[in-house]
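The values are calculated or read from the model by the stated rules, or taken from the named source; none is laboratory data. Worth saying up front: this structure is predicted, and the values here are computed from it rather than measured. Neighbour counts run over all protein chains shown; Cβ positions are idealised from the backbone, glycine included. SASA here: full protein model, heavy atoms, side chains in, ligands and nucleic acids out. Shrake-Rupley method; radii C 1.70, N 1.55, O 1.52, S 1.80 Å.
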Amino acid sequence: MLLHTNCYHLHVCCFSNSSISAYCCPIVVEVPISKIAQPSLTQWTAALERSVPNPSGPRALSVSLSSPASASVGVYTLQMRLEARLNVKTHSVGQFTLLCNPWCQADSVFLQSEDLRTEYVKSDIGLLFKGSPRNLVSRPWSFDQYEKGILDICMKLLQLSPQYQADMRKDLQNRSDPVYIGRVISAMVNSNDDKGVLSGNWSGDYSGGVNPSKWSGSADILRKWAETQFRPVKYGQCWVFAAVMCTVMRALGIPTRVITNFNSAHDTNKNMVIEEYYNEEGEKLSIGSDSIWNFHVWVESWMKRPDLGRGYDGWQVLDATPQERSAGMLRCGPAAVKAVYEQKVDAQYDVPFVYAEVNGDVHIIIVRDGRVLSKTVDKRRVGALISTKQPGSMSMQDITSEYKTERVEFISRAPGIADGGGAELAGIAEGAGGAGRYSIQPAAAVEREVFKAVAVSLKLLKAPVVGENISFNITITNNEAAPKQLKKHVNAQNKEYNRNPTGTFWEAHDDVKIGPNETVTTKHEISFKEYMLKEAAEDSLVNLAVVVEDVKSQERVLASEEFNIRTPTLDVQIQNELSVIINKPQVATVTFTNPFNVAVSGELTVSGSGLLEEKAQMSLTIQPRETIKKPVSFTPKMAGAKMLSASLVLEDPPTVLHGFKTINVQAS
């Protein structure tokens, strides 16, 4: 039996004296049954409610058991103790799981809005945002908290924590505090210090495990962890750690949402400065331990913070990705978002680390043989966009202003994206491609830097898509009334989202003669063959840079941009979209057109919590420019908002494609 903090009704036979024991070993709570008892905010109560007809035996009564809002989260065993004259009997009634209750005003996780409770506790579908600030990609995820066995696994996660193993009684007593629970879960979702769920891997070699890009829901991960005797599941990266933590927290009744911070700083020396080094030909160098992740994903959970004083209740940052130690363990938070905004760096827990992720100066330095040739400072790149899923909608919500006072306007809707009711940031219409996209306008300049005599800028001509060429313009302006002889160096490097680029895969070098006050624009293209990755990924990332050198003065200017190359999307449609009824068979169709000039092969997987009991999987081979349509039958088992998601893992080129369709399942 599953309970939030509220009443539990049971039937008992009437004796002269009765009591109920609810124990979460080794803590025992004995609750006398009284004829009149009101639920209490501070203690357990049990009351006789009404007579239940029982023709064949003693009169039966209904008893309600109420827990206080401060009761500890855990699995309780319920016993009934019955006394009649000299006879005492104890009967086992069963077990129940007690959770936090965001519907109860006295609970530390109380959330007033029913719409927000629906979104952040009850909903089992979501979007994870990846890519880059100017070219967002929305990735469907199934949180799966209602799937069979998932709650039991979440409770086992608490039981296997180092805190429980070291001192069961103390751990159980502390589980009345969501701050404590959040710190335990943050450490247990990664496996670095304990028997945690996920093993992280950013090497690009995923042999012996699953490529993080191939996960699409939390149930597969949590079940695999339980089925392998709680050995770490291979592999996770930041969005997987965050999505699994969101599942566990929602399952425990704690309102939780997934957050993406674009251009997330990892400031190892804690000086709020990130240094980026380039050589004179535009190649980004791996110097120093600081880095800017193109994006980083964590969660926020809603709870009271009495330990911080007034004003810090609400959203708290929790990060399960193993990065830095907090009180000796690889975990982060809960850090009050309000404390991050106010730069209250002395507030528990890990506020300085989170503050540094969303703030900081980027020093861009061109070097040769250890000598600095030029240096510029970018104060706006770090934490450029902080986003989450919009409640009640499959689109993005910009929450940057909740973390910082300054923000940069990056996003504009790409041509062809359907209007979302006039919102600035609306997701692409699902019928037009599935996964939501947010892109730069083709005419938008990417980055511009001006120095004394010469200005240079990069401009992507369209949002890059896997299989197509990358097209961009470089514009050089001579700001002086004298001709100049220039050298232009353009460099492109593949990169992972959380580290500096690897070696150069494309470059171009030119001599440029430019007249007085003249502007020169040249177009460049990088072919698909030149940037294709060796390992399957859902988004390739590229660091593109140009260095222009004035031959006479030897002054140099640099413009750079890191951007993602999106994968094509799968289109998912429902045959009778407006009449999807629980327990009534339905048919969905997954459509994909091969954009490549070669035949592609791969495996298509379709899943949906509450829609499909087993995943639908099929192997496909698709000829160049061929369109395939694959029907998938399903029977909804749960009412409410559900999501049917599809993924196609291609072998060559190695690419992971996604698509989804949200469905409102009606009760019969």
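Rolling a 1.4 Å probe over the protein heavy atoms gives the chain an accessible area of 42 Å² per residue. The value for region 36-184 of Rg(Cα) / (2.2 N^0.38 Å) is 1.42.
Normalising the average separation of contacting C-alpha pairs (under 8 angstrom, six or more residues apart) by the number of residues puts the relative contact order of region 514-629 at 17 percent.
Within straight-line reach of Lys488, meaning a Cα separation under 16 Å, sit the following lysines at least 8 residues removed in sequence or on another chain: Lys284, Lys459, Lys513, Lys523, Lys552.
Can you give the calculated 222 nm mean residue ellipticity of the chain, where each DSSP H run of n ≥ 4 adds -39,500 (n - 2.57) and the sum is split over every residue, rounded to the nearest 500 deg cm²/dmol?
Computed ellipticity for the chain at 222 nm equals -3000 deg cm²/dmol.
Peptide packing for 213-220, 546-553, 641-648 was compared via the average number of neighbouring C-beta atoms within 10 Å per residue; ordered from the highest value, the list is 641-648, 213-220, 546-553. With Cα atoms as the point set, the radius of gyration and Dmax of region 91-158 evaluate to 16.7, 63 Å. Between Lys529 and Lys462, the simple spin-label model (points 7 angstrom out along Cα→Cβ) gives 2.1 nm. Per q in 0.15 Å⁻¹, report the Debye log10 I(q)/I(0) for region 142-187, using one uniform scatterer on each alpha carbon and no solvent. Once normalised to I(0) and log-transformed, intensities are -0.41. Relative contact order for region 225-373: 24 percent, from Cα pairs under 8 Å spaced at least 6 residues apart, divided by residue count. With the convex hull drawn over the C-alpha atoms of the chain, the volume per residue is 172 Å³. Computed packing ranks the peptides 652-662, 616-626 as 652-662, 616-626, most packed first, by mean other Cβ atoms within 10 Å. Sorting the segments 475-488, 559-572 by their residues' average number of neighbouring beta-carbon atoms within 10 angstrom, most packed first, yields 559-572, 475-488. Taking the inverse of the mean reciprocal distance over all distinct Cα pairs, the Kirkwood hydrodynamic radius of region 196-346 comes to 17.4 Å. Partners of Lys584 within straight-line reach, counting lysines whose Cα lies under 27 Å from its Cα and excluding those fewer than 8 residues away in the same chain: Lys122, Lys148, Lys615, Lys629, Lys630, Lys637, Lys642, Lys661. Relative contact order for the chain: 10 percent, from Cα pairs under 8 Å spaced at least 6 residues apart, divided by residue count.
Ligands, DNA and RNA left out, the accessible area of the chain computed with a 1.4 Å probe is 48% carbon and sulfur. If R0 is taken as 35 Å, the Cβ-Cβ distance between Asn664 and Gln159 corresponds to a FRET efficiency of 0.40. Taking the inverse of the mean 1/r over every pair of distinct Cα atoms in region 470-585 gives a Kirkwood hydrodynamic radius of 17.6 Å.
At an R0 of 56 angstrom, the distance between the Cβ atoms of Thr621 and Glu83 translates into a FRET efficiency of 0.15.
Computed with the Debye formula from one identical point scatterer per Cα of region 81-122, without solvent, the log10 of I(q)/I(0) at q = 0.33 Å⁻¹ comes to -1.10.
Using only alpha carbons, region 177-251 has a radius of gyration to Kirkwood radius ratio (Rg to Rh) of 0.96. Radius of gyration (Cα atoms) of region 510-668, expressed as a multiple of 2.2 N^0.38 Å: 1.55.
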